[in-house]
Amino acid sequence: MSERHEPALVLAVGGGLAAVRTDAGEERIAKFAGRLDRRPVAGDRVQLLVEAEEGGRIDVIEPRTTELRRQQRMRSEGERAMKEQVLAVNAECVLIVASIADPPLRRGLIDRILVAAWRGGMEPLLAITKEDLAERADEDPEVVLADYRAIGVDGVVIDVRTAAGEDAVRALLAGRTAAVVGHSGVGKSTLVNALTAGGQVTGAIHELSGRGRHTTTTATWLDMPAGGALIDLPGIRSFSLAGITPNDLASAFGDIADASAGCRFSDCRHLGDDGCAVEALVEPARLASYRKLVNELETT
């Protein structure tokens, strides 16, 4: 069979291989061309050089419309180093899944992902799970949701075990492609399985996993029968911002940017300086999260 190029979608990546689906609906396990300037990830549109009935080679990665990035701590030559990691691309939104209790909701983690989503061109959405544990929570989930809605982040409070919870998230996604991210133990996997009718893992992904490429540690593309798709990310323990400066952070916190118009000085850093208007106008938990992130960015 002669060589040919076909446009394709990356479903998952493991080692030096990727599970892909061509626009004609064929699924293949593809190698990476040595000249690629970056590593493909789930959601990438690529040009696949088909060389045989099975397999192929990714020759071109098309320009990305959106990216979700984080800073990842790596071990290099016995020393700790930081490296940017692209988690998912070409998604229209990021669905942040956070439980109200067990484990407790972490606003700092949510805010980090919000900033990364906005920076990467994706709309952040929030699903607060374990609605049935609200009485044990440190915060009322509806209050948390209202705080985030006030800054333009839509969301729902749900029990992922119910059809009502599934339907609420499906309506929130509205048939779009969403990267799904959350702390381990928040019910993310249960929600993803429900939205994808049991997790529509394709044959190519199964084959990639069977080759020992550890696809469970990477993002995986899953189609939703009702329309749209999920890029399911493994459960995270931490999320460090990548490519973000303190100035970027101020613009990403829209409520702080708006309140800063009343600050005494135009270069106010909103860290408790004299004449800062933000202190009296911004919700305390949001301001504390902002200040913690500024401190982290300035010391890394």
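Each value in this text was obtained by applying a stated rule to the coordinates, not by laboratory testing. Being a predicted model, the structure only gives us computed values, none of them experimental. Glycine gets a Cβ as well: all are built from the backbone with ideal geometry, and neighbour counts include every protein chain shown.
Rounded to the nearest 20 debye, the dipole size of segment 87-232 about its Cα centre is 620 debye, using +1 on the Cβ of Lys and Arg and -1 on the Cβ of Asp and Glu.
When the charge dipole of the chain is built from unit charges on Cβ atoms (+1 for Lys and Arg, -1 for Asp and Glu) and taken about the Cα centre, the candidate among I244, I158, L36 whose Cα reaches farthest toward its positive end is L36. The charge dipole of the chain, taken about its Cα centre with unit charges on the Cβ atoms of Lys, Arg (+1), Asp and Glu (-1) only, comes to about 900 debye. Taking Cα atoms only, the orientation of helix 107-119 departs from the longest principal axis of the chain by about 60 degrees. Residue by residue, segment 167-174 carries 3J(HN,Hα) couplings of 5, 5, 6, 4, 5, 5, 6, 6 Hz when phi is fed to the Karplus relation 6.51 cos²θ - 1.76 cosθ + 1.60 (θ = phi - 60°); x denotes Gly or Pro. Between segment 89-118 and segment 222-300, how many Å separate their Cα centres? Each part reduced to its Cα centre gives a spacing of 12 Å. Total lysine pairs in the chain at Cα distances under 26 Å, for residues eight or more apart or on different chains: 4. Each of S260, V278, I231 was scored by the projection of its Cα onto the charge dipole of the chain, and the greatest displacement toward the positive side belongs to I231; charges sit on the C-beta of Lys, Arg, Asp and Glu. Only beta bridges with both residues in the chain are counted; by DSSP, about 60 percent of them are antiparallel.
Extension gain for the segment D138 to A261, taken as residue separation times 0.36 nm less the Cα-Cα distance, is 41.1 nm to one decimal. Mind telling me which of D159, D132, D223 comes out most flexible in a GNM of the chain, alpha-carbon contacts under 10 Å? Taking springs between Cα atoms under 10 Å, the residue moving most is D132. Considering helices alone, the calculated mean residue ellipticity of the chain at 222 nm is -8000 deg cm²/dmol, with DSSP H runs of length four and up weighted by -39500 (n - 2.57) and normalised per residue. The distance from the alpha carbon centre of segment 28-49 to that of segment 129-171 is 37 Å, rounded to a whole number. Only Cα sites of the chain enter the Debye sum here, all with the same form factor; the resulting log10 I(q)/I(0) across q = 0.15, 0.16, 0.17 1/Å is -1.18, -1.28, -1.38, listed in q order.
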